[in-house]
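For reference, the structure discussed in these notes is given below.
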Amino acid sequence: MRRGTPDTPGPGQESVWDYPRPPRVEPVHGRVTVELNGRMLVDTTRALRVLETSHPPTVYVPRSDVAPGALRDAEGTSFCEFKGRAGYLDVVAGDVVAARAAWYYPSPSRGFEQLVDHVAIYPGRMDRCTLDGDVVTAQEGDFYGGWITPRVVGPFKGAPGTWGW
């Protein structure tokens, strides 16, 4: 499958096609918020992002910056060739439960140790997520959890026909 032609980034933008493979972990410069069921579940300036070729950044927030009671263990695991085995979490806000809407790496692979005690949340399963003031659009597909803002350009892996990228 041939990928699309990378979009040309404008001023203040990044192209996901300039991101590395294997991925890189770096701090998020700005505020990250996550809302569900009218509740602010995350409000942090201590998030990390994982950058991987063709993917919008995946944001990981410190567990300690998630509202108490908003995360509960969920069944299932998955495996990333770079980060290792992931566990899943339900995100809970009052009587609303977003099943398996977050994941974490309890013992990430070498090079991804920064992700310990951090959680990634699927933005498309929340009411609203923001990244440095920009409202996030979820990456297409039901597997990837990338955070798309006006500051990043694609095309992005995740849509139908992009699995082979």
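Hey, any hits in segment 131-138 for a residue that's open to solvent by 60 Å² or more (accessible area, probe 1.4 Å), over 21 Å from Arg46 (Cβ atoms) and touching a Pro at 6+ places or on another chain (Cβ under 9 Å)?
Of all residues in segment 131-138, those open to solvent by 60 Å² or more (accessible area, probe 1.4 Å) come to 132-133, 135, 137.
Keeping just the survivors that are over 21 Å from Arg46 (Cβ atoms) gives 137.
Subset that is touching a Pro at 6+ places or on another chain (Cβ under 9 Å): 137.
Checked against the condition, which is being open to solvent by 60 Å² or more (accessible area, probe 1.4 Å), over 21 Å from Arg46 (Cβ atoms) and touching a Pro at 6+ places or on another chain (Cβ under 9 Å), segment 131-138 yields at least one hit.
Out of all the residues in segment 101-124, which are open to solvent by 90 Å² or more (accessible area, probe 1.4 Å) and in contact (Cβ under 8 Å) with a residue 24 or more places away in the chain?
Answer for segment 101-124, where residues must be open to solvent by 90 Å² or more (accessible area, probe 1.4 Å) and in contact (Cβ under 8 Å) with a residue 24 or more places away in the chain: Gln114, Asp117.
Given Thr33, Thr77, which one is exposed (fewer than 15 other Cβ atoms within 10 Å of the Cβ) and out of contact with any helix residue (DSSP H, G or I) (no Cβ under 9 Å at 6 or more places or on another chain)?
That would be Thr77, the only listed residue that is exposed (fewer than 15 other Cβ atoms within 10 Å of the Cβ) and out of contact with any helix residue (DSSP H, G or I) (no Cβ under 9 Å at 6 or more places or on another chain).
In segment 89-98, is there at least one residue being in contact with a Gly (Cβ under 6 Å, 6 or more places away or on another chain) and open to solvent by 20 Å² or more (accessible area, probe 1.4 Å)?
no
The values are calculated or read from the model by the stated rules, or taken from the named source; none is laboratory data. In this text the structure is predicted, and so the values were computed from the model without any measurement. Note: ideal-geometry Cβ built from the backbone for every residue, glycine included; neighbour counts use all protein chains shown. What goes into the accessible areas is simple: the full protein's heavy atoms, side chains included, and nothing from ligands, DNA or RNA. Shrake-Rupley method; radii C 1.70, N 1.55, O 1.52, S 1.80 Å.
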